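> Mind looking over this structure? Questions follow.
The values are calculated or read from the model by the stated rules, or taken from the named source; none is laboratory data. Since this is a predicted model, take the numbers as computed values, not measurements. Please note: Cβ atoms are built from the backbone with ideal geometry, for glycine as well, and neighbour counts cover all protein chains shown. Each accessible area value is taken on the protein alone, full model and side chains, heavy atoms only, with ligands, DNA and RNA left out. Shrake-Rupley method; radii C 1.70, N 1.55, O 1.52, S 1.80 Å.
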Amino acid sequence: MSHDPNCIFCKIAAGEIPSRKVYEDEDVIAFHDIRPAAPVHLLIVPREHVPTLADATAAHQALLGKMLLLAPKLAQEHGATNGFRVVVNNGPDGGQEVYHLHVHVLGGPRPWKGMAI
Ligand code: 5GP
Ligand code: ZN
């Protein structure tokens, strides 16, 4: 499984940098975004270093499915009971800051600060 020693999300997945973890298994980890844009703002991150969604292949199909299916589960568990948003930023024009694939889960009572979209 690919790992980038300079990548912040690889370091979080490896436990080298602390995070407010809400879920983990052998494939993915989920934790609170450090700069929440909504009352509930979680990040679902694969353990494997895949830079962007455009780098994912058919080999990642089950992993991507697992990440998407986790979104409503974690949203509910963390209080986003009235709906939520799922966002994947990709590349410079997609506003991606961290080049390790991740799914944002945003929810909770509005107003939200929101993301730059
Ligand atoms: P992107 O713009 O790449 O889709 O989103 C990256 C997200 O990662 C941002 O919302 C940012 O707040 C979050 N983030 C960046 N560094 C850290 C960190 O060290 N810990 C946590 N928990 N979130 C981070
Ligand atoms: Zn990484």
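> Running a GNM on the chain with Cα contacts under 10 Å, which residue among 21, 73, 11 ends up with the highest mean-square fluctuation?
73
> A further question follows. For residue 113, list the aspartates and glutamates whose Cα falls under 15 Å from its own Cα; do not include residues on the same chain fewer than 8 positions away.
Cross-link targets: 33.
> Using a Gaussian network model on the chain with a 10 Å cutoff between Cα atoms, which of 39, 18, 72 fluctuates the most?
Result for the chain, Cα springs under 10 Å: 18 fluctuates most.
> Let me ask something additional. Helix 61-77 versus the longest principal axis of the chain: what is the Cα-based angle in degrees, 0 to 90, to the nearest 10?
30
> Now, a different point. Over the chain, average the accessible area per residue using a 1.4 Å probe and give it in Å², no decimals.
Numbers: 6650 Å² over 117 residues.
Per-residue value: 57 Å².
> List the GluC sites (Glu not before Pro) within the stretch 1-93 that DSSP assigns to loop and that have no more than 10 neighbouring Cβ atoms inside 10 Å. Walk me through the numbers on the way to the answer.
Working: sites: 16, 24, 26, 48, 77; in loops: 16, 26, 48.
Counting only loop positions with at most 10 other Cβ atoms within 10 Å, the GluC sites (Glu not before Pro) in the stretch 1-93 are 16, 26.
> Also, I was wondering about something else. Which residue fluctuates most in the GNM of the chain (Cα springs below 10 Å): 59, 30, 13?
59
> I would also like to ask the following. Starting from the Cα gyration tensor of the stretch 59-117, take the square roots of the eigenvalues, sort them a ≥ b ≥ c, and report rounded, prolate or oblate (rounded when a/c is under 1.5, otherwise prolate if a/b is larger than b/c, else oblate).
Here the stretch 59-117 falls in the oblate category.
> A further question on this structure: Grab the DSSP H runs of the chain that are 4 residues or longer, score each as -39,500 (n - 2.57), total them, divide by all residues and round the 222 nm result to the nearest 500 deg cm²/dmol.
Numbers: 2 runs with 23 residues, N = 117.
After summing the helix terms and dividing by residue count, I get -6000 deg cm²/dmol.
> Give the residue from 41, 103, 9 lying farthest towards the positive end of the charge dipole for the stretch 8-107; charges sit on Cβ (+1 for Lys and Arg, -1 for Asp and Glu) and the dipole is referred to the Cα centre.
41
> Compute the Cα gyration tensor for the stretch 8-107, then decide on rounded, prolate or oblate, letting a ≥ b ≥ c be the square roots of its eigenvalues: rounded whenever a/c is under 1.5, prolate when a/b is larger than b/c in the other cases, and oblate in all that remain.
Numbers: a/c = 1.32, a/b = 1.27, b/c = 1.05.
Because its axes are fairly even, with a/c under 1.5, the stretch 8-107 counts as rounded.
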